[in-house]
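The values are calculated or read from the model by the stated rules, or taken from the named source; none is laboratory data. Fair warning: this is a prediction, and the values are worked out from it, not measured in the lab. All Cβ positions, glycine included, derive from the backbone under ideal geometry; neighbour counts span all protein chains shown. Side chains included, ligands, DNA and RNA excluded: accessible areas come from the protein's heavy atoms. Shrake-Rupley method; radii C 1.70, N 1.55, O 1.52, S 1.80 Å.
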Amino acid sequence: PPEVGIVAMEVYFPSQYVEQSELEQFDGVSSGKYTIGLGQSRMGFCSDREDVNSLCLTVVQRLVERTGISYTQIGRLEVGTETIIDKSKSVKTVLMQLFEGSGNTDVEGIDTTNACFGGTAALMNAVNWIESSYWDGRYALVIAADIAVYASGNARCTGGAGAIAMLVGPNAPLVLERGVRSCHMEHAYDFYKPDMASEYPVVDGKLSIQCYLHALDCCYQTYSKKAKQAGILQGSSVLDIADAFCFHQPYCKLVMKSFARLMLNDFLKDPNPDFEGRYAGLESFRNVKLEEAYFDRSVEGAFMTSSKSLYEAKTKPSTCLAVQVGNMYTPSLYGGLASYIACNTLESIAGKRVVLFSYGSGSASAMFSLRVTEDRSPGSALEKLVSSLSDLQQRLDSRQKVAPPDFDSCMKLREETHHLAPYNPVGPVDSLFPGTWYLTSIDGMHRRKYERK
Ligand code: ACO
C-alpha cells in the first residue's frame, strides 16, 4: 500500500477569548493559579451563534478553498467530536451540504466519539481506508471539532473550542509511520457526559489526571517496544529519536509533567542509567513505582527539572495554540501539531520525526508518530503546508478580548438555551472572523439553519 499521511491542515478557533489572569480575579482564586499553576494564558469560547456543526462547516470550507481541491476529490469524510447536539444525526451529514454543488455523494465515514480521542480514531479510520482494498484513489478528510465548556467552578478555566481539518492521502508531507501505533484502552469514570440535557461533563479532575498519566505510561512503553522491533529505536530512549513530542493538551502544565514522565519511564527501565549525564542527581529515585508517583511532588519536580531543556526544544513549540485557546478537546493534539509546524521553517522541519500522544477520557489513548518529508522544493506539499500555517500567531493576535463578566453571561445563555427549540441565537455576528459559518435559527423541530459571514 502507498505511504499515507497528512497532506494539508486547516485550523479554526473562535474570534473571542477571555484572559486567564482576569478570570483568576473574577473567580476569586489566587493570582497565578490558571496562568502559572495550569500554564494557560487565554481561553477561546463561542457564543450561541456557534455549535459543532458550524465549527465543522467553517473549517471544511476554509480547507477546500485554501487548498483548491474539489469536493469530488474527497471519498471519505469523518468527524471526531464529543460535542453532541443530536443523538442520531451525524455532523458529517450536515457537512454534506457543502458537497451538494459538486454532485459528490459517494463519501464514506460518519462521526466517531470517545471524549478527546474521536479525532484520532477518525484519523486512524482514514489511514486504514487508504491502505485497504476499498480505497478508490481519493482523499480522506478528517475533522476534529469541539466546544469544551465546564460548569462554573475549578474546571471552567480549562475549557476551549476549535476545529481542525486534515486532508489525508498518499504523497503527504507528514507520513504516518507503520508498525509503531500503540493504544491503551480502559474503563474509567474520569470524565463523561451522562446528562443528555447539559453541555457540561461530569468530571473527577484528579482521577482524570491520573488516568491520563497512566495511559501515557502504557502507550509510551508499547510504542518504545514496537519502535525497537521496527528498527526505528536502536538505543534505549524514544526521546533521542524524536525531534518533537505533541500531547493532548488539557492545560499546559500537564504537558510539561507528561514530558517529564516519559523521561521517568526511560529512567526506571534503563538497566544502566547515566548518572553523569541525562540522569544526574536522580539516583534517589531508582525505586520509584510509576503507579505510586502520579502526584508525587518530589518525583514530578526532579524530572521536570531534568527534562526542562529537552521539553523546551521538543514540546514547548507545540503548546502555542493550547496556551492561547485552551483545551479544544478532539482538536487539541492536532492543534499541537499545527503549532509545531507554524513555529518552524521549511528548512528546520524537513525530515523531522514527531511523536504524538492522544488521550480521551473514559478512556481511549494512542501513541503514534509521523515523519516530515525531505522534499522542501518550491511548490512541494511540505512548502504549502508550512506556509498555510504561518499566519497562526497573527490570527490568534487578531482575536477580540472579552471581559470575564461578559464571558460568564455568555456561558449562562448557552446553558439556558441549550437544546431549546424553537430558538433564535442572539450572539454578535460582527465579531466573527470572515468566512465563519454561524447559526441563524433553530425551528420547532430542532432543525438548524446556518449562514456564512
Ligand atoms: N500560583 C501558582 N500556582 C498555583 C497557584 C498560584 N497562585 N495556585 C495554585 N497553583 C497550582 C497548584 O499548585 C497546582 O499545580 P501542581 O499540581 O503542579 O502543584 C495547579 O496550580 C492547579 O491547582 P489545583 O488546586 O490542583 O487545581 P484544581 O484542583 O482546582 O483544578 C483541575 C485543576 C483538576 C485540572 C481542574 O481544572 C479540572 O478538573 N479540569 C478538567 C479536567 C482535566 O482537564 N483533566 C485532564 C485530563 S482529561 C481531559 O482532557 C479533559
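Once you reduce segment 324-342 and segment 46-116 to the center of their Cα atoms, the two points are 19 Å from each other. Carbon-plus-sulfur accessible fraction, segment 276-390 (probe radius 1.4 Å, protein heavy atoms only): 51%. Length gained on full extension, Ser348 to Glu291, computed as 0.36 nm times the residue gap minus the Cα-Cα distance: 16.8 nm.
Heavy atoms of the protein chains alone define the surface here; on that basis the chain has 40 Å² accessible area per residue at 1.4 Å probe size. Taking θ as phi - 60° and the Karplus parameters 6.51, -1.76 and 1.60, the scalar couplings of segment 125-141 work out to 4, 5, 5, 4, 4, 5, 7, 9, 6, 7, 5, 10, x, 8, 6, 10, 10 Hz in sequence order, x denoting glycine and proline. Per residue, the average separation of C-alpha pairs within less than 8 Å and at least 6 apart gives the chain a relative contact order of 25 percent. With the highest mean first, a sort of the peptides 65-72, 320-327 on other beta-carbon atoms found within 10 angstrom per residue produces 320-327, 65-72.
In order along segment 108-122, phi translates into HN-Hα couplings of 6, x, 9, 9, 10, 10, 7, 6, 7, 8, x, x, 5, 4, 5 Hz, rounded to whole numbers, per the Karplus curve 6.51 cos²θ - 1.76 cosθ + 1.60 with θ = phi - 60° and x for Gly and Pro. Amide H to amide H distances under 5 Å link Phe245 with Thr315, Val355, where only residues 5 or more positions off or on other chains count and H is placed in the peptide plane. How much mean residue ellipticity at 222 nm does the chain get from its helices, if each DSSP H run of length 4 or more adds -39500 (n - 2.57) and you divide by all residues, to the nearest 500 deg cm²/dmol? After summing the helix terms and dividing by the residues of the chain, the value is -10000 deg cm²/dmol. Scanning residues 5 or more positions from Ala148 or on other chains, those with amide H under 5 Å from its amide H are Gly160, Ala161, Gly162, with H placed 1.01 Å from N in the peptide plane. The protection proxy used here, the mean number of other Cβ atoms lying within 10 Å of each residue, ranks peptides 123-130, 310-317 as follows, highest first: 123-130, 310-317.
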